[in-house]
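What follows is one structure encoded as C-alpha cells, with my remarks underneath.
The values are calculated or read from the model by the stated rules, or taken from the named source; none is laboratory data. Worth saying up front: this structure is predicted, and the values here are computed from it rather than measured. Backbone-built Cβ (ideal geometry, glycine too); neighbour counts: all protein chains shown.
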Amino acid sequence: MGGKACPHEENAVTNYDPAANYGLTPDIVDLVGLLRQRATTMPLQRAFTFLVDGEQQREHLTYAQLDARARAIAGYLQRRGLSGQRALLLYPSGQQFIAAFFGCLYAGVVAVPAYPPRRNRNLERIRSIIGDCHPRICLTTDDVRSRIEPLLSEMPDLAELEWKCTRELGEDDAANWRDPAVEPATLAFLQYTSGSTGMPKGVMVSHGNLLHNTKLISRSYQASPDGVGLTWLPLYHDMGLIGGILQPIYFGRPTHVMTPTHFLQKPLRWLRALSDTGATMSGGPNFAYDLCVERITDAEKKSLDLSQWQIAFNGAEPVRAETIARFTKAFAPCGFRPEAIYPCYGLAEATLMVTGGDKWLPPPIRSFDTAKLNAGVAQAVADGAEGSVRLVSSGHCDRDQEMVIADPETLAEQLPGHVGEIWVRGPSVAQGYWGREDATSETFRAHLADGRGPFMRTGDLGCLHVGDDGKAELFVNGRLKDLIILRGVNHYPQDLEVTVGQSHDDLPVGAGAAFAVGSDGAEQLVIVQEAGRNRDADFDEVCAAIRSQLGKVHEVSPREVVLIKPNSIPKTSSGKIQRHACRLAYEAGELDVVALGKPDGSVEVLRDRRRRDPIQRLTSERKPKANTPPKPEGAGLAPAGDIAPRVMDVVRSVAQERAVNLSLDTDIAGMGLDSLERMEIVAALEQEFGGRFTEEAILSMETCRDVVAQVQVCLLNELSGGLPGESNGVPTPQAPLRADLPNGQPVSAPPTTPATRATSPNEVPAADYLFAESPEYRRLKQTMELATASGLKNPYFSQHEGITADTTTIGGKQYVNFCSYNYLGMSGEPSVIDAGQQALEQFGASTSASRVVSGEKTIHRELEKAIADFIGVDDAIIMASGHCTNESVIGHLFGPGDLILHDALAHNSIIQGCKLSGALRRAFPHNDADACGKLLEQYRHEYRRVLIVIEGVYSMDGDYADIRPFVDLKEKHKAYLMIDEAHSIGTMGPTGRGMSEFWSVDPTRVDLWMGTISKGLGSCGGYIAARREIIEYLKYTAPTFVFSGGVSPANTGAALAALRLLDAEPERVAKLHSNSELFLTLAKKAGFNTGPAHGTAIVPIITGDSRLALALSMGMFERGVNVQPILHPAVEEAAARLRFFITSSHTEEQIRQSIDLLVTVRDEVVKKIAAAGPVAIAPIERGETMMAASTGTPTPA
C-alpha cells in the first residue's frame, strides 16, 4: 500500500501561503469573518462530519448550517446584553459545542469552554472557573442542565448563572443578530489549562492569536487543497478546539469528528476511520499511538489502509522515540509511512503550536549523553550508546515567531547545544492570564539579560541542536514547572496532594508528594505520602482511600502509593515539599517506606524497611494484553437472564485485584480506575451485549448498579430488532446475537413504561387516545409545515394528468420529469398498454379470488415462467407489490432460532420482514462482505437457518453491491442469500438481467432473487425467482399470497409484454446508462454532492438541509423540472437531498438544461443564504442516521 510521497523542498514552508491556497481574502482578520466568508462562498460544503457512534453513523454540518446556528445563539446573547461578558460552555464534544463556541464569537462574548460534569463530579473545577472569570451565562445541553439543576439550591454560585440550552434557539434569534465588529485584539476565549482546581488560570486568547496560529499550523503542515481532517481530541482543550476545529475551517476542507470516548473505548475506531475516510491529517498525544499498538490486533490491521495519512501529529505530552518506532513498525503493513509522523511542541499560552517538523521527512531522533544533559549540555552520542537517552526533535519555529533558549536563573540566551528554558514571542503568544496580573507579568513579559523581549516563558526545558543539514532543531527534555502529564492531560501535583491528604483521617495534610516517573515509554503517577502516627492504622484501607479519591476527583490511578515514616518526606528549610528530591529518593530506593500500595490494589506492609528497585518493579508489572483478539461486537452468547453477574464479570476483568469487594453499589471511579480503564469496561460491555452506549449514559454510570441499568436501556432495548419509522437508506439498530434462548423465542426489548401510570380513564393523556394529539402525527405535521413556514408549496401528492416518463403533466403544464422509476419507458409504451388492455378484456379487472382458490389465470403462469427464464432459475412467484413480497417471504421462511444478516442500508421492506419473522437480525456495514463473513464465522453454528440479504442497487444513494463475495460466503457457511433487485432488474447488466448478468454470476447460486415489476418493467407487483421447491412452498403457504387476490390481469399482461420487449430491445439499457453517466458527470462538474452514486439510474443531490432541498425542488418546479426532495425524517437531516431518477427516455438536451437550471436555482438560494442565513437552522437530531458515502464499488471484471 504505497502512499504518495513528495520530495522535500528546502523553502517549501517559507514560500507556502495558506490564505492563497485556501481561497481566503486578505481582509479576514478574525474568526467571525473567516466563518462568514466560508458560509458565503461555500455554503453547502460539509464543514464537519460527526461519527455519531464512532464508526458508521454519521451526521453532517455545512458551513451555512454552522453560520446559521452561530447567528441564532449570538442573536440571543446580544439580546440579553452579554457582549463583552463571559459565557461558560459545558458540552460534550460535538456539533452543539462548535455552534455555541462560534455563537459566542459572533456575539462578541468571551467563550469559556470546560468539561461537563459527571453528576456532581468535576463541579469543584467548574466552580473554581466560575469564581475566577465570573461568567454571566452557561450555554449547555438539556442533559447537562438536568444534572446541574438539583444542585443549584446548595450552590449559589451556580444558581446565579443563567443556564441556557442552545437547542432552544432558532430563526427568531438569528434575525436579531448584528455583526459584533470584532478586531484581531478582541478576546475570543479563555483556555483554562487542565489540572488546577484551587487556583485556575485562564489563558486569554484573542482572535488575532487564533487566526495566526491556524495559519502557522497550515503553513507547517503544507496541507494540500484536497486534504481531509479527522479528530477525536476533546474540543474544550486547545489541541482539539484549535487543531481539530478552527484550523480545518481556515483550511476550508471537511473534517471528521469522533468523541474521545469512542477512541478510548476502542482505539481501532480512530485508525479505521482514517482508513475509511481517506483522511490525510490527524493525530494526538503520544499515549494515543501507544494505545493503538497495544490494542489493535494483527487480524484487525489487515483491514486498514493508512497510506493516505500525511500528517500524524504527536504533541501535548513528551514525544517518545520508542513510541514512534513501535507504531511505525506495527502499522507499516497498513501503508503507514514513517515520514507521516509529525512531532510538534506547543502550549495553551502560545495559543497552540510553537514548533513543528518538516513534512515528507521522518522526524530526527538523536541520542544524547544523559549525565551531561542533566548538567545542561546537549552532547550528541552514537545511537544506543551506554548512558544515553534518545530524544525526538520537535522541529523548528515559524518564520513569524522567535524562540530562544534561556538560562532560567541568569536569563542569558543559551547557544545551541546547551539546555535552558524555552522562551517564545510572536503573534500566537496569548494575552496573559485572566485577572492575574502578577502571573501574567512573570510568564508573558520576560526579558533576556540583554534586554530583548518581551518573551513568554514556557516553563519547559529544551535545547537547540544543529543537525547535519545545518538546521537548528528543538529537543524538549524536561520541565521547570511541577506539572504531571498523564495520557495527554495536565495535572498539577499540588491538587493531587491535597486530595490525597484529605482522603483518610489517618493521613497528615501537607505531607505528600505527587510526581511522574517514566516507565516503558510513558509517564506514570506515583504518590508518596507520610503515614499517620496511628500504630493501628489499616494500610490497606488507607491506600484504597487514596486510590478511590484520586479516581473520583481527578480520574487518575497511581501506579504506586508509597506510605513513608512520619516527618521523613524531603522538605526545604521553609517546610515546602521537595518533589524533585522525593522522586530521586524514590528512584534510588532511599525512602523510609512503611507500606507500599501496588498497582493491582494490594498493599505490602514493609515497616522500617527501605524499598529497592522501584523502576524494575514498575517495568515488570502486568502489561496490557497486546494482540489478543477482542470478542466481536455483539458476541454475548450466554443465555439470556440476569445481566448483573455478567456486568460484574466485565468490571472484574478490568479492575482485577481492585475488585475484591465488588458489589452493585461499588463506586467504579472509587476503585482507583482511571478514565482509560473505565473506557475498557464500556467497550467490553458493548462487545458482550452488542449495541452502543450514548455519551449521556456513559457519564451517568458511576456504580455497578448504574451500569446494569444503562445496559438495559442502551444495549438490550435493541434486541427487538428495530425502531419505528425506519426508512430506506437508514442504518438499522443492531441486535446482539444470542443462543439458547428460552423456549426458542427471541429476546425482546424491555417495555417502555411511563414514569406515572394512569389509575383511571380521566388520567389517560390525550396523546394516548386522540391520534391528532399523538407525537407521531404531530411530527408529521411539523415536517409538512416546513413548506408553509418557508413560503413554499407542499411537494407531495402532486396530481399527474397523464403518463409519467421523461415528461409529465401537472396542472395542465408539461414538466421534464425526474420523479419516476419508469427507467426503460415501459409504462406508456404502446405495446405494453395494448397487452394490458387485452388482458383486461380477456380476464376482467380483478382475479376476484386468491390464486390458490380460483384466481389463477393462465397469464400469471406465463409471466412467472418468463421471469424465471429471463433471470435463469427454475421458477418464480408474483405478488401484489414489492414491499409485501419482502415482508411476506422473509417473515414466512425464517423464524425464531434463525439469524438474518442484512446490509446496514437495507430497504424498509426488508427490515419489516425481519421483524415479522421473529428471527434475530444483525446489520453489517454497507457493502462490507468481510464484516458479514466475520459474523458468519462466529455465529453460524449457533443458528438453524441463516439468511443474508443485500440489494442490487441501493435506491437512496444510487450505488450498487458486488454480489460475488456474498455468494461465496453463503456457500461457504451454508446460508441462504437473498438479493433485492427492485432497482437493478431491467437496469443492470448489458441486457437488463440484473446483478447476476452484471457480475457474471450463475443465477442458480443465489437462493432468492426478489424484484419488482413496477420499475424497469413498467407495471405493478413484486416477485421471487428461485428453485422450484421454494416457489412451490411459497405458493401454498405464504400468507400474503394465499390470503389475498392475485396481481390484476391488466398489470400481469403489461409486465409480460414489457419483459418481452426488454428481451428484444436491450439497447434501452445502454441508453439509460449513457443518460445516467452524463447527468452524474455534469452534476459533479457543477460542484454538487452526489454521494457514492455511480453506474446506476439514480443520482442524489445531497443538500444536508431539508428546507434547502425543498427550496431547490420548488425552484426547479417553477422552471419546468419536476424532482422530489427527500426530507427529514425520511432521511437524517444531514442527508436531505433531491433524488433524480434517470430514464432511457430522457434526452441529452433535457439533462443538460436541467443541470443548468439546478445551478441557477442553487446560486439564487446561495445569495439568500449569504444575505439572511440558510433556511434551516434547526439542530440535527441524533438518531438513525444516513451512513456517509462509501468509497465506491468495483466494476465487473
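Within region 960-974, restricting attention to residues that are part of a loop (DSSP other than H, G, I, E, B) and surrounded by 22 or more Cβ atoms within 10 Å (Cβ to Cβ), the residue that is farthest from the chain's Cα centre (by Cα) is Ile963.
If a residue must be in contact with a Cys (Cβ under 9 Å, 6 or more places away or on another chain) and either among the charged types (D, E, K, R) or modelled with pLDDT under 95 (or both), how many such residues does region 1112-1170 contain? So that I can check it myself, show each step before the final result.
First, the residues of region 1112-1170 that are in contact with a Cys (Cβ under 9 Å, 6 or more places away or on another chain): 1122-1124, 1139-1141.
Within this subset, residues satisfying the condition of being either among the charged types (D, E, K, R) or modelled with pLDDT under 95 (or both) are 1124, 1139.
Residues meeting the conditions: 2.
Checking every residue in region 1032-1055 against the condition of being closer than 17 Å to Asp869 by Cα and assigned by TED's automatic domain parsing to the domain that holds Asp962 gives at least one match.
No other residue among Gly512, Gly501, Gly518, Gly478 is within 30 Å of Lys598 (Cα to Cα), assigned by TED's automatic domain parsing to the domain that holds Lys565, surrounded by fewer than 17 Cβ atoms within 10 Å (Cβ to Cβ) and small (Gly, Ala, Ser) apart from Gly518. Taking the stated definitions as given, is Ser996 surrounded by fewer than 20 Cβ atoms within 10 Å (Cβ to Cβ) and assigned by TED's automatic domain parsing to the domain that holds Val946? Answer is no for this residue. The criterion of being modelled with pLDDT of 85 or more and assigned to a strand (DSSP E or B) does not hold for Val500.
Across region 397-427, the number of residues qualifying as surrounded by fewer than 19 Cβ atoms within 10 Å (Cβ to Cβ) and within 29 Å of Glu322 (Cβ to Cβ) comes to 4. Against the conditions (1) modelled with pLDDT of 90 or more; (2) surrounded by fewer than 21 Cβ atoms within 10 Å (Cβ to Cβ); (3) among the aliphatic types (A, V, I, L, M), Leu230 satisfies every one except (2).
Any residue that is out of contact with any strand residue (DSSP E or B) (no Cβ under 9 Å at 6 or more places or on another chain) and not basic (Lys, Arg) - is there at least one of those in region 241-249?
Yes, some residue in region 241-249 is out of contact with any strand residue (DSSP E or B) (no Cβ under 9 Å at 6 or more places or on another chain) and not basic (Lys, Arg).
Kindly indicate whether Val203 is under 30 Å from the mean Cα position of the chain (by Cα), of a type outside the set (S, T, N, Q) and either closer than 30 Å to Glu437 by Cα or at pLDDT below 95 (or both). Taking the combined requirement at face value, the residue satisfies it. Among the residues of this structure, Leu1110 counts as one that is crowded, with 24+ Cβ neighbours inside 10 Å and more than 30 Å from His860 (Cβ to Cβ). Among the criteria (1) outside any helix (DSSP H, G or I); (2) at pLDDT below 85; (3) touching a strand residue (DSSP E or B) at 6+ places or on another chain (Cβ under 6 Å); (4) hydrophobic (A, V, I, L, M, F, W, C), the one Leu637 does not fulfil is (3).
Filtered by the rule that a residue be in a loop (DSSP other than H, G, I, E, B) and at pLDDT below 90, region 349-382 gives Gly357, Asp358, Lys359, Trp360, Leu361, Pro362, Ala375, Gly376.
The set of residues in region 812-844 that are among the β-branched types (Val, Ile, Thr), more than 27 Å from Ile1155 (Cβ to Cβ) and crowded, with 20+ Cβ neighbours inside 10 Å contains only Val832. Restricting to region 1059-1075, count the residues that are within 14 Å of Asp869 (Cβ to Cβ) and either in contact with a helix residue (DSSP H, G or I) (Cβ under 6 Å, 6 or more places away or on another chain) or of a type in the set (Ser, Thr, Tyr) (or both). Going through region 1059-1075 one residue at a time, the tally reaches 1.
When you check Glu413 against the structure, is it within 41 Å of the chain's Cα centre (by Cα) and among the charged types (D, E, K, R), yes or no? Outline the logic, then answer.
Details: within 41 Å of the chain's Cα centre (by Cα): no; among the charged types (D, E, K, R): yes.
No; evaluated as a whole, the condition is false for this residue.
Taking region 984-1001 as the range and being over 13 Å from Val1069 (Cβ atoms), part of a loop (DSSP other than H, G, I, E, B) and in contact (Cβ under 8 Å) with a residue 40 or more places away in the chain as the test, the residues that pass are Trp999, Ser1000. For region 938-959, residues that are of a type in the set (D, E, K, R) and part of a helix (DSSP H, G or I) total 2. Residue pairs whose Cβ atoms lie under 8 Å apart, sitting 6 or more positions apart in sequence or on different chains, and linking a residue in region 382-399 that is within 26 Å of Ala350 (Cβ to Cβ) to a partner that is surrounded by 11 or more Cβ atoms within 10 Å (Cβ to Cβ) and of a type in the set (Lys, Arg), are Arg390/Arg366; Leu391/Arg366; Val392/Arg320; Ser393/Arg366; His396/Lys471; Asp398/Arg219.
Applying the condition of being out of contact with any strand residue (DSSP E or B) (no Cβ under 8 Å at 6 or more places or on another chain) and modelled with pLDDT of 95 or more to region 80-95 and asking which residue is surrounded by the fewest Cβ atoms within 10 Å (Cβ to Cβ) yields Gly81.
Considering region 526-540 alone, what residues qualify as being more than 15 Å from Gln502 (Cβ to Cβ) and either assigned by TED's automatic domain parsing to the domain that holds Leu673 or not aromatic (Phe, Trp, Tyr) (or both)? Write out each step before concluding.
Within region 526-540, the subset more than 15 Å from Gln502 (Cβ to Cβ) is 526, 528, 531, 533-540.
Result: Val526, Val528, Ala531, Arg533, Asn534, Arg535, Asp536, Ala537, Asp538, Asp540.
Screening Arg69 with (1) in contact with a Ser or Thr (Cβ under 6 Å, 6 or more places away or on another chain); (2) within 25 Å of Arg38 (Cα to Cα) gives one miss only, at (1). Applying the criterion of being part of a helix (DSSP H, G or I) and in contact with a helix residue (DSSP H, G or I) (Cβ under 7 Å, 6 or more places away or on another chain) to the residues of region 269-287, the residue that is surrounded by the fewest Cβ atoms within 10 Å (Cβ to Cβ) is Arg269.
The condition of being aliphatic (A, V, I, L, M) and out of contact with any helix residue (DSSP H, G or I) (no Cβ under 8 Å at 6 or more places or on another chain) holds for only one of Ala839, Ala835, Ala868, Ala849, that being Ala868. Scanning region 653-677 for residues that are part of a helix (DSSP H, G or I), without any contact (Cβ under 8 Å) to a residue 60 or more places away in the chain and under 25 Å from Leu496 (Cα atoms) gives Val654, Ala655, Gln656, Glu657, Ala659. Here Gly459 passes the criteria (1) surrounded by fewer than 20 Cβ atoms within 10 Å (Cβ to Cβ); (2) on the phi < 0 side of the Ramachandran plot except the one numbered (2).
Considering region 59-90, the residues that are of a type in the set (S, T, N, Q) and in a helix (DSSP H, G or I) include one that is farthest from Leu187 (Cα to Cα), namely Gln65.
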